[in-house]
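The values are calculated or read from the model by the stated rules, or taken from the named source; none is laboratory data. Owing to the predicted nature of the structure, the values given are computational and were not obtained by experimental measurement. Neighbour counts are summed over all protein chains in view; Cβ atoms, including those assigned to glycine, are modelled from backbone coordinates with ideal geometry.
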Amino acid sequence: MARIEVTEVFEGISVPGNMHTQESLRAAANFQFQDTDVLLVTFPKSGTTWMQQILSLIFNKDDLQTIQSIPTWARVPWLEHTYLLDNLTQIETSKPRLFTTHLPARLLIHNLKNSKARVVYLARNPKDVLVSFYHFHKFAKFLPDFNSFEDFFGHFLEGKVNFGSWFSHIKDWLSVQQELNFFLITYEDLSQDPLQAVQSLSDFLGQQLEPKELENIVHYSSFSFMSQNDMLNYSLVPPEVLDHSMGKFMRKGVAGNWKEYFSPEQNARFNDVYQAELGDLTVKFPWALD
Ligand code: A3P
């Protein structure tokens, strides 16, 4: 598999070279948004695939079946991936155009703020992000190997993983929210009360949902449905890219799994960094840190 061992570095951010090139990253940074576009923003392992499914269901509520035959990454492609340029013509035909990005706000804000594009920022308890990302490294062949959970833990806290620091990512995006048509939602909101969370999201997107449509969207985006559907669970990705013998993309799908991994010492260390990095934020997140 070409470039599977390559890590690309763009504007200080490390990204897997099999899906990103300098050209594709430059294209994302120069991307011209349309007012009708919807951009999903996440740090990796925050529930991106889940939200890609929800967004695409909301905008295809009249035909929830047909879209299940297209993988989520093709329905809501990453702005920064190499295949975006090849698929843009097809994406142009869908209104609104739905995109995903893991890039920091500083690389996109210039073009984004000149449009009325809707930005959906999906956040997740960073402790669960860390655990999910750790497992992903074990079976994603395009990510570096770490010696142990502790080794990965240290790199994550220092922001020395692909896509950089979780803390910088969320602070960067929240700092520009007033300049954007911006909606913050969390993995925990979706887990605790999916009907309410999808309803609020569809209100933001200007999409009216009948009660039955809302129920169907929650059903087709549930963990049990998604983990069994090959277009949604990444099981069709070839083993040279994802070694399926080493793990599952749809792993646990719960909030709070970090408690089974963090030692008391790691938890205290994480909380210190969290407090130092996010202590000044006024926004209250629904996740539990203890
Ligand atoms: P876990 O590894 O904790 O299970 P991303 O799509 O950003 O890479 O995030 C992947 C994480 O989201 C994985 O977390 C995966 O199981 C979880 N996920 C995906 N679909 C989900 C769903 N429908 N409900 C709950 N969690 C889901």
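Suppose the filter is more than 16 Å from the ligand (Cβ to nearest atom) and on the phi < 0 side of the Ramachandran plot; does PHE33 pass it? Yes.
Do we find a residue being modelled with pLDDT of 95 or more, surrounded by 12 or more Cβ atoms within 10 Å (Cβ to Cβ) and either of a type in the set (D, E, K, R) or closer than 25 Å to GLN177 by Cα (or both) anywhere in the stretch 235-243? No, that holds for no residue.
Helices (runs of 4 or more DSSP H) wholly in the stretch 175-233 with at least 3 residues that are more than 11 Å from the ligand (Cβ to nearest atom) - which ones?
Working: elements: 187-192, 194-204, 211-220, 223-227.
Output list reads 194-204, 211-220.
Annotation note: of TYR220, TYR261, the sole residue that is on the phi < 0 side of the Ramachandran plot and surrounded by 17 or more Cβ atoms within 10 Å (Cβ to Cβ) is TYR220.
Annotation note: of SER46, SER24, SER14, the sole residue that is touching a residue at least 40 places away in the same chain (Cβ under 8 Å), of a type outside the set (A, V, I, L, M) and within 16 Å of the ligand (Cβ to nearest atom) is SER46.
Scanning the stretch 81-96 turns up at least one residue that is within 16 Å of the ligand (Cβ to nearest atom) and touching a residue at least 24 places away in the same chain (Cβ under 8 Å).
The number of residues in the stretch 105-120 that are buried (at least 23 other Cβ atoms within 10 Å of the Cβ) and within 27 Å of LYS252 (Cβ to Cβ) comes to 0. Of all residues assigned to the stretch 101-118, none qualifies as being under 25 Å from TRP287 (Cα atoms), without any contact (Cβ under 8 Å) to a residue 40 or more places away in the chain, within 15 Å of the ligand (Cβ to nearest atom) and not hydrophobic (A, V, I, L, M, F, W, C).
Somewhere in the stretch 244-260, is a residue touching an Asp or Glu at 6+ places or on another chain (Cβ under 9 Å), assigned to a helix (DSSP H, G or I), within 16 Å of the ligand (Cβ to nearest atom) and farther than 30 Å from LYS116 by Cβ? Checked the stretch 244-260: at least one residue is touching an Asp or Glu at 6+ places or on another chain (Cβ under 9 Å), assigned to a helix (DSSP H, G or I), within 16 Å of the ligand (Cβ to nearest atom) and farther than 30 Å from LYS116 by Cβ. At least 1 residues being surrounded by fewer than 20 Cβ atoms within 10 Å (Cβ to Cβ) and at pLDDT 95 or above is the threshold, and among the strands (runs of 3 or more DSSP E) wholly inside the stretch 1-72 those reaching it are 7-10, 13-16. Whenever a residue of the stretch 184-209 is closer than 19 Å to ASN257 by Cα, its partners that are more than 16 Å from the ligand (Cβ to nearest atom), lying with C-beta atoms within less than 7 angstrom and at least six residues away or across chains, give the pairs THR186/PHE285. Of all residues assigned to the stretch 71-83, none qualifies as being aromatic (Phe, Trp, Tyr) and closer than 16 Å to SER202 by Cα. Summed over the stretch 126-154, the residues that are in contact with a Pro (Cβ under 9 Å, 6 or more places away or on another chain) and away from the ligand (no atom under 11 Å from the Cβ) give a count of 4.
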